[in-house]
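These notes concern the structure reproduced below.
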Amino acid sequence: MLGPSGDRITAAEVLQGVLVTLVSAIAGAVLGVLWLNLAPRVLLISDGKGVYLRNSEGEAAIGSDGTFVLLALAFGAVAALVVFLARRKGGVPLVIGLALGGVLGSLLAWGLGTYFGPTSDVVAHAKAVGPNVAFEAPLELNLGAAAMLAWPLAAMIVHLGLTALFGPRDPEPEAWDQPKAYTPGPGRS
């Protein structure tokens, strides 16, 4: 298989890309735990007939999304920095590993945060706590697609920037000889 510059992609580079994918995906568990503990909570209250937001003008729901996105951006930037410092030469498999690992890590973080967060059965939870008692709404991402892309996009941008600024340079092409002066051919003046 050939890379974009015509160089062969070796099995070692592919293995490094797979390793980056796996480590990034596993780091998603840390992101999930951080999101679960740092995200603002949306409080609900029941009157016995229905479940309502305790603070209808609160910003906790968007704060939960914002916390996830900011954490994912930080994880992507750190992942790109670590990969760049470990392997300055870069390569297509490493970049694919960063992107794919970021998506997998974000999915794992989202799954862990929603699984270990407050129950998603709001009605049962409202009945269990009773009327006029505030309880936490389930942790969710309202901007799921954007949140899932934050980590890989941050990783790609930071890795590209680091490679452009500090990566190895291609050798300069050999200089061409100076063009010769035009001389008309025989029979032309």
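The values are calculated or read from the model by the stated rules, or taken from the named source; none is laboratory data. Bear in mind that the values here come from a model prediction, so they are computed numbers and not experimental data. Backbone-built Cβ (ideal geometry, glycine too); neighbour counts: all protein chains shown. Surface areas here come from the heavy atoms of the whole protein model, side chains and all, with no ligands, DNA or RNA. Shrake-Rupley method; radii C 1.70, N 1.55, O 1.52, S 1.80 Å.
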For the stretch 134-144, Karplus-derived ³J(HN,Hα) couplings (6.51, -1.76, 1.60; θ = phi - 60°; whole Hz; x for glycine and proline) come out as 6, 9, 7, 6, x, 6, 8, 10, 7, 10, x
If you take the charge dipole of the chain about its Cα centre, with +1 on Lys and Arg Cβ and -1 on Asp and Glu Cβ, which of Ala80, Gly66, Ala147 is farthest toward its positive end?
-> Ala80
Which is farthest toward the positive dipole end of the chain among Ile45, Gly130, Ala11, measuring Cα position about the Cα centre, with Cβ charges +1 (Lys, Arg) and -1 (Asp, Glu)?
-> Ala11
Please turn the phi angles of the stretch 67-72 into ³J(HN,Hα) values with the Karplus equation 6.51 cos²θ - 1.76 cosθ + 1.60 (θ = phi - 60°), one per residue in order, whole Hz, x for glycine and proline.
-> 4, 4, 5, 5, 5, 5
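Quick one: dipole size for the chain, taken about the Cα centre, charges +1 on Lys/Arg Cβ and -1 on Asp/Glu Cβ, in debye to the nearest 20.
Roughly 300 debye, rounded to the nearest 20.
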Surface accessible to a 1.4 Å probe, per residue, for the residues of the chain, Å² | 65 Å²
Residue by residue, what Karplus-based ³J(HN,Hα) values in Hz, rounded to whole numbers, does the stretch 165-174 have, using 6.51, -1.76 and 1.60 with θ = phi - 60° and x for Gly and Pro?
-> 7, 10, x, x, 9, 6, x, 5, x, 5
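Could you work out the helix-only [θ] at 222 nm for the chain, with each DSSP H run of four or more residues adding -39,500 (n - 2.57) and the total divided by the number of residues, to the nearest 500 deg cm²/dmol?
-20500 deg cm²/dmol
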As straight-line cross-link partners of Lys180, the qualifying lysines (C-alpha separation under 22 Å, not fewer than 8 residues apart within one chain) are none
Lys49: which lysines have alpha carbons under 22 Å from its alpha carbon, excluding same-chain residues fewer than 8 sequence positions away?
-> Lys127
Reduced to Cα centres, the span from the stretch 116-189 to the stretch 35-78 in Å works out to 24 Å
For Val133, tell me the accessible area in Å² from a 1.4 Å probe, rounded to the nearest 10.
-> 60 Å²
For peptides 116-128, 137-149, sequence by mean Cβ density within 10 Å, most packed first = 137-149, 116-128
Carbon and sulfur: what percent of the stretch 1-136's accessible surface (1.4 Å probe)?
-> 68 percent
By per-residue mean of other Cβ atoms within 10 Å, what is the highest-first order of 156-166, 173-183, 100-110, 72-82?
-> 100-110, 72-82, 156-166, 173-183
Out of residues 5 or more away from Val51 or on other chains, whose amide H comes under 5 Å of its own, with H placed 1.01 Å from N in the peptide plane?
-> none
